[in-house]
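Enquirer: Just passing along the structure, written as structure tokens.
The values are calculated or read from the model by the stated rules, or taken from the named source; none is laboratory data. What you are looking at is a predicted structure, and each value in this text was computed from that prediction instead of being measured. Because the Cβ atoms are built from the backbone with ideal geometry, glycine has one as well, and the counts that use them run over all protein chains shown. In case anyone asks, the SASA skips ligands and DNA or RNA and just uses the protein heavy atoms, side chains included. Shrake-Rupley method; radii C 1.70, N 1.55, O 1.52, S 1.80 Å.
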Amino acid sequence: MSSTRFDPILLHRKHFIDEITCLDEIFDFLDEWPEDKRGLAYETLLKACRDTANGRFPLSAARENFRRFLKMSGVLAKVEGVPRFDGLMNHQIGNA
């Protein structure tokens, strides 16, 4: 499987916002998706991700399909203007 990183996709998980940044994390998410909510869209996305892992489908297309799946499922998060945590780590405490 590919662990190639891509721009984060944010989604709602119960009481927090989660971030998906690679194909392996998409597979983890899909594995946890409730069986009673799996349908054609889920199966199509899973196939696209498997094809991506095998080098037969572009990672950017799998990422976009995943984003659309989240939007259709109502869990895509839109968080704008919030600084990324990794950017905050570059600042030292106590600096003015």
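Enquirer: For segment 77-94, indicate whether the set of residues that are within 12 Å of the chain's Cα centre (by Cα) and either at pLDDT 95 or above or hydroxyl-bearing (Ser, Thr, Tyr) (or both) is non-empty.
Expert: Within segment 77-94, none of the residues are within 12 Å of the chain's Cα centre (by Cα) and either at pLDDT 95 or above or hydroxyl-bearing (Ser, Thr, Tyr) (or both).
Enquirer: I'd like the full set of residues that are part of a helix (DSSP H, G or I), in contact (Cβ under 8 Å) with a residue 40 or more places away in the chain and open to solvent by 70 Å² or more (accessible area, probe 1.4 Å), limited to segment 14-62.
Expert: 60
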